[in-house]
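Notes to accompany the following structure.
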Amino acid sequence: MNRREFMTASAAALAAAPARPAKLPVQKGVLISMLPKELSLADRMKVARDVGFDVLECVTTPDQKQADDIKTAAEKAGLRIHSVMNMAHWKFPLSSSDPAVVKTSMEGMETSLKNAHFWGADAVLLVPAVVNPQTSYQEAWTRSQRQIRQLLPMAEDLKVVIAVEEVWNKFLLSPLEFAKYVDEFNSPWVRAYFDVGNVVLYGYPQDWIRTLGKRIMKVHLKDFRFTNRVAEFVPLKEGEIQWGEIHKAFAEIDFSGPATVELNGGDEAYLREVSRRVDSILSGV
């Protein structure tokens, strides 16, 4: 084969080869609770940055000193706090029939919104309701929407989105319902926080992604599998989730918000491996 034939054959081979998927324009996030607890707050943040994470998700705190320390440590490490996880929503759901429970839940959300504004985060994660023997599906829907609507003026004033997440709360069990629930607010201050792993029991994440589309503001990453009829969360890329299909779905909706790992915590080596696996997922390989 002469040089011309070689170049022609090489060009043909390249043209025939499938194009590699483009890396998603997504920032990698980590939960503050995943960082090594034996280290100082500043060193924990530094580890997160050193292993490749771009943004951080924190939990609500009513302690202003703690909020100050978190903000200082994150800024020093070059980590942006992008989201706040409200922690009152399970024990004190907005869907409760007990006014005292709802009051506690609302106060927790108000603290979360203030934390987010103080830290420069643009969203608060909220589990909106819990269906149980005392609370029907319809009651969970109606009551939670009523309370969230009362929070919208504060969310708008602070410029912080209430990002609703689907979890194992027997509520929002399909992507169509999730989309309808968000749409009924008709507000830019309510959007979806989509957890890839939480829907595997009763659906396909790629279907949810395409259905929710632009409603999705932020994403949680975790993996999931069934072993001998037992459901369990597993390390990223070791479960049943079809990550190539997830990549395609996110690319189709032009998703560019942060994707935060929600896994067990660990040391620097562990976090570095988690970061590497997220890179692989975002690259579609």
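No value in this document is a laboratory result; all are computed from the given coordinates. For clarity, every value in this text was computed on a predicted model and none was experimentally measured. Don't worry about glycine lacking a Cβ; one is built from the backbone with ideal geometry, like all the others, and counts go over all protein chains shown.
Being among the basic types (K, R) and in contact (Cβ under 8 Å) with a residue 24 or more places away in the chain is the filter here; which residues of region 141-158 pass it?
R143, R149
Can you find even one residue in region 80-98 that is over 20 Å from V261 (Cα atoms), of a type in the set (G, A, S) and in contact with a His (Cβ under 8 Å, 6 or more places away or on another chain)?
No, that holds for no residue.
If I ask for residues that are among the hydrophobic types (A, V, I, L, M, F, W, C) and not in a helix (DSSP H, G or I), which ones from region 257-274 would you list?
Passing the criteria: A259, V261, L263.
Mind counting the residues in region 166-178 that are part of a helix (DSSP H, G or I) and in contact with a strand residue (DSSP E or B) (Cβ under 8 Å, 6 or more places away or on another chain)?
Count: 1.
Assess whether S33 counts as being touching a Gly at 6+ places or on another chain (Cβ under 7 Å) and either aliphatic (A, V, I, L, M) or surrounded by fewer than 16 Cβ atoms within 10 Å (Cβ to Cβ) (or both).
Working: touching a Gly at 6+ places or on another chain (Cβ under 7 Å): yes; either aliphatic (A, V, I, L, M) or surrounded by fewer than 16 Cβ atoms within 10 Å (Cβ to Cβ) (or both): yes.
It is true that S33 is touching a Gly at 6+ places or on another chain (Cβ under 7 Å) and either aliphatic (A, V, I, L, M) or surrounded by fewer than 16 Cβ atoms within 10 Å (Cβ to Cβ) (or both).
Out of the residues in region 47-76 that are acidic (D, E) and in contact (Cβ under 8 Å) with a residue 40 or more places away in the chain, which is nearest to L271 (Cα to Cα)? Working first, answer last.
So in region 47-76, the residues acidic (D, E) come out as 50, 54, 57, 63, 68-69, 75.
Now narrow it down to the ones that are in contact (Cβ under 8 Å) with a residue 40 or more places away in the chain: 50, 54, 57.
Numbers: D50: 10, D54: 13, E57: 15 Å.
So the residue we want is D50.
Can P175 be described as under 19 Å from the mean Cα position of the chain (by Cα), farther than 18 Å from V59 by Cα and exposed (fewer than 15 other Cβ atoms within 10 Å of the Cβ)?
It is false that P175 is under 19 Å from the mean Cα position of the chain (by Cα), farther than 18 Å from V59 by Cα and exposed (fewer than 15 other Cβ atoms within 10 Å of the Cβ).
Could you say which residue among K218, K237 is crowded, with 16+ Cβ neighbours inside 10 Å and among the charged types (D, E, K, R)?
K218
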